[in-house]
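Have a look at the structure below before the remarks.
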Amino acid sequence: MRSFVAAAILALALGAPPAEAAPTCVTRAGDPVRCGTANAMPVGWRLPPQERVERLRTLPGPSAADIVKLVCALGLFFSLMALLPDFESWRETDPRDKRR
């Protein structure tokens, strides 16, 4: 009975049609917008390569404060990971336990 239910669920999952996402539209500046709005370019239109490179140059990068916050967060995460106990066995009477 279980195999029948598993087979039925598998058949339903594999037979489902794939979901399709809505098309993406952009403005003349290269910002993503909903298609059909006043500033939207036609579906599939992209910025010319030269304009895209210039736009990427003008985008701000991470500040020094953001980088320090990231380093501190990663340091905290790894220090908490280092404080975790050793997980060598499930039971105290495990014959593979090397502490005895």
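Look through the stretch 26-38, keep the residues that are part of a strand (DSSP E or B) and under 22 Å from the mean Cα position of the chain (by Cα), and return whichever of them is surrounded by the most Cβ atoms within 10 Å (Cβ to Cβ). Here the answer is Val33.
Of all positions in the stretch 14-22, none carries a residue that is at pLDDT 90 or above and either aliphatic (A, V, I, L, M) or in a loop (DSSP other than H, G, I, E, B) (or both). Scanning the stretch 46-57 for residues that are part of a loop (DSSP other than H, G, I, E, B) and surrounded by 12 or more Cβ atoms within 10 Å (Cβ to Cβ) returns a single hit, Leu47.
The values are calculated or read from the model by the stated rules, or taken from the named source; none is laboratory data. All values derive from a computational prediction rather than experimental measurement. Using ideal geometry, Cβ is built from the backbone for each residue, glycine included, and neighbour counts are taken over all protein chains shown.
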